[in-house]
Structure formats: structure tokens, C-alpha cells
Amino acid sequence: MTNHKQIQSAKIADLYEKLIKGQCNALDIFWDDIKQSGSPIIEEIHGDDKNVMVTFVYRAKDEIENVVVYGAFPSYRYKENLMEHLLDTNLWYKTYIVRNDIRFGYNYSVNDALDDDYKKRNMNFILDEFNKNKIVFLKDDEDEEDMDIQRSFVELSKVKDDVWTRKMDHKCNGTLDITRYESKSLNNTRRVWVYKPFGYDNNDNDENIKEKNNLIVLTDGFMQINILNAVTVLDNLIYHNMIPRSLCVFVDSNSDRVNELAFNKKYGELIVNEILPWARSKYNVTDKPEETLIGGVSLGALASAYIVLEFPNVFHNVLAQSGSFFWDNQWLINRYIDSEKVNSKFYLNVGFLEDRPYDDEPVMRDSIDKLRDVLLNKGYEVAYDRLPSGHDYLSWGEGLANGLIALMGKK
């Protein structure tokens with residue numbers, strides 16, 4: 001049973017007081033109000049203009065053992081996010097204080113096993129029935145193990161609007177080619193998409209044409225295109241002259257993604273010795289390292305930073321979003337400490353909500369900040385950004401735009 005002194009939310013505290021005084025209709029009135037206003041409950045904090053109180057609520061339809069709130073906020077540490085049961089009612093709730101300039105997705109897991117079987121937990125997720133806002137990440141139909149992801153969605157009052165991921169009022173849209181690329185280095189096949197900016201002519205790869213397009217290579221191609229809206233980002237940035245005309249090669253992942261992206265020299269050989277020569281033979285793109293960029297998200301960011309160290313003087317621009325630099329006891333960070341400086345500059349970002357551990361590994365933000373400091377101490381040029389979300393796709397599209405502007409933007 002909840003101790004009244006533990007209740008932070010004024011609305012929950014008010015309901016508690018009414019119930020213990022015997023106002024039997026108080027619970028029905030509370031749920032009617034939630035139906036109208038939606039959830040979670042957002043309450044201002046007197047004297048604090050940077051944070052709000054967020055209370056998640058769940059209405060149980062039967063007797064249950066527990067409810068867990070799960071997401072980048074409040075966190076992925078399920079045991080820390082068990083909801084409280086209010087008296088003997090059907091109300092379960094959990095209150096947090098959080099900064100008011102973030103966005104996040106979340107799910108509920110009812111009768112959670114409270115173990116480390118995350119696949120089973122994912123199958124048990126439900127949406128918040130009182131939150132009309134949700135986000136859907138569509139599955140990759142060519143991945144038999146993939147599934148649609150649906151999350152209830154919250155955007156707090158002081159989040160800045162997205163700019164570059166939104167369709168703008170122009171018709172200057174690029175096009176995508178798709179190829180099934182057979183890799184000799186990895187002995188497998190994957191999809192590779194090539195973005196061509198508006199006005200690109202397939203005859204533009206004539207060797208006599210002096211003006212070459214910049215070249216961008218991004219890992220996790222399906223995600224970049226279908227979840228992060230990378231094509232829209234490129235269209236908008238090029239149209240508004242924020243970056244030079246660029247082609248972008250989206251290299252897809254496969255079922256062996258972790259092994260490919262985590263310090264795998266053969267994956268680097270795929271990018272450097274296969275994809276780049278192939279792209280340059282088919283398209284009008286630069287061969288200048290200073291006009292060539294590699295980037296990715298999470299493990300893709302880790303792979304990008306690894307490749308520029310393993311294959312120097314190929315990519316002078318590295319765009320690393322929410323990089324998994326904690327991997328293998330921060331092995332790559334230590335490599336940068338011990339290695340000679342290479343001729344590359346970096347854009348690093350991390351979400352405000354990546355300031356908490358996922359399991360037992362170092363905190364994501366701490367590792368990214370450590371790499372930033374190592375790079376700066378080595379004399380690298382580093383642009384650094386904090387995004388208003390977590391390790392959850394919600395801001396990586398805008399982060400991509402920020403990184404492209406920082407690294408390749410027109411001066």
C-alpha cells in the first residue's frame with residue numbers, strides 16, 4: 001500500500017485523500033478526467049522552470065502482480081520502474097521529475113517477469129490507453145525477425161520543433177537507386193541505396209565533368225531512410241544551400257549486425273575497398289577525403305569512428321550519433337588515446353536521456369563525453385551536441401542534419 005508521504009503528484013495525492021475519506025466516486029471521477037485530459041499527467045513544479053512532474057498511470061482491468069514503465073525515459077532498468085498500486089483500487093502509477101525540453105516514447109509491461117528476457121518483455125509491451133499520441137517504427141519486410149515498434153509518445157512543452165526532417169514546400173527531391181551488393185570481404189549480400197540529389201543526371205559521371213558531388217556513407221541504411229527520414233534531410237539541406245550537393249550511399253545491415261559493426265576490419269574493407277570504388281565508378285562523386293563523410297548511429301557510430309582510425313586518409317569527416325563507445329571496456333577510446341592523430345574531424349552527439357545505464361555497461365553519455373575529451377586533447381576538431389531524447393530514434397534525424405551542417409556545411 002502506498003504511503004501518502006511518498007506521493008509526489010498533487011493529483012494522485014488529492015485522489016488518495018478523497019478515497020481514505022470514503023468518497024467512493026472519486027476514482028471514477030479521476031478516470032473520467034484522465035480520459036479527457038490524457039496521460040501521463042504533467043504537473044508544473046513551483047519555482048522550477050526547467051523541470052516538470054510526469055506521472056504515468058495504468059488502469060488495471062483484472063488483478064495483476066505488477067506494471068513496469070519502460071523506455072528511454074524513465075529508463076530501461078525495469079526493476080527501478082515498477083509502478084505503485086494506490087490502495088486497493090485499479091490505479092497503478094509512477095511519478096518522476098524530468099527536464100521539460102525532451103521527447104520520449106514508452107510502453108507498459110503488465111505482469112512483467114522482472115528478468116532479463118528482453119525479447120519476451122518486448123512481446124508483452126502495450127500502449128498507454130489514455131495517451132492518444134503514439135509513434136510507429138515500421139518493420140523491415142526483408143528481415144524475418146523484425147517487427148513493428150509502437151510506443152506511446154510524449155513531447156514536453158519546451159522541446160524545439162524539428163526542422164530538417166519535415167517535408168518542406170519545395171519540389172527539389174532527390175531519388176534513390178537500390179542495388180543488391182555482393183561483398184567479397186564479408187562473403188554476403190546486402191541492400192545498398194544511393195541517394196542522388198535533385199537534378200542529378202545519370203550521365204553526370206562523365207570523367208570530364210570537373211564539379212564532383214560530395215560523398216556521404218551511412219551505416220544501417222534501412223533505418224536511416226525509413227525511420228530517420230534521411231532522404232528528406234538531404235533534400236532540405238541541399239535545397240537550402242546548407243551543404244554542397246551530395247550523393248549518399250546507405251549501406252544496409254543484416255542479421256550479423258553486431259559482429260559486423262563492432263571493430264570488424266572486414267566490414268571496414270567492405271566500405272573502403274568495395275563500396276567506395278563501386279560508387280565512384282558509377283556516380284559523379286568526389287575522391288577527396290575532405291569531401292567524404294562516414295556516419296552512423298549507436299554501433300554504426302562506433303564502426304564509423306573505428307574505420308577512420310583503421311583506414312586513415314579516406315574519410316576526413318565522421319558523424320557519430322549516440323555512439324556505443326562503451327563497447328568492450330571502451331576499447332576504441334583507448335585506441336584513440338594510444339594512436340597517432342589522423343586527419344579527420346568529428347561530430348558527436350548524445351541524448352539528454354542517455355545519462356543513465358542500460359544494464360551494467362558504462363553510461364552512454366559518459367563514454368561519448370570521454371571520447372570527445374580524448375579527441376580534443378589530441379588536437380581533433382570536434383563538434384558536440386546534446387539531443388532532446390534518448391537512445392530511441394526520436395532525434396537522430398535532426399542530429400543527422402546537425403552533423404552534416406557541422407562537418408560539410410557551406411562556410
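None of the figures in this text is laboratory data; all of them are computed from the coordinates on show. Everything quoted here is computed from the prediction, not taken from an experiment. Ideal geometry is used to build each Cβ from the backbone, glycine not excepted, and the neighbour counts take in all protein chains shown.
Worth pointing out:
- Centre separation in Å (Cα based) which lies between the stretch 290-336 and the stretch 27-88: 39
- Scaled against the 2.2 N^0.38 Å expected of a compact globular protein of N residues, the Cα radius of gyration of the chain reads 1.11.
- Here each label is just a point 7 Å from Cα along the line to Cβ, and for Asp355 and Tyr239 those points are 3.6 nm apart.
- Ranked Ser9, Ser185, Ser152, criterion: other C-beta atoms within 10 Å, fewest first: Ser185, Ser9, Ser152
- Val136/Glu340 FRET efficiency (R0 60 Å; Cβ-Cβ; nearest 0.05): 0.85
- The dipole here belongs to the chain: it is taken about the Cα centre, uses +1 on the Cβ of Lys and Arg and -1 on the Cβ of Asp and Glu, and is about 980 debye.
- Computed helical MRE - 222 nm, the chain, DSSP H runs ≥ 4 contributing -39500 (n - 2.57), nearest 500: -8000 deg cm²/dmol
- Relative contact order %, the chain, counting alpha carbon pairs below 8 Å whose residues are six or more apart: 13
- Estimated at 0.36 nm per residue, the fully extended path between Ala60 and Asn273 surpasses their Cα-Cα distance by 71.0 nm.
- Stretchable slack from Asp88 to Asp148, in nm (0.36 nm times residue separation minus alpha-carbon distance): 18.0 nm
- Potential lengthening between Arg166 and Phe198 on full extension [0.36 nm per residue; Cα-Cα distance subtracted]: 9.8 nm
- Trypsin sites (Lys or Arg not before Pro) restricted to DSSP loop in the stretch 329-370 with at most 12 other C-beta within 10 Å: Lys341
- Label point distance in nm, Asp373-Ala13, each placed 7 Å from Cα along Cα→Cβ: 3.9
- With the cut-off at under 19 Å, measuring from each backbone N in the stretch 94-115 to a point 7 Å along the Cα-to-Cβ line of Lys158 picks out 96-104.
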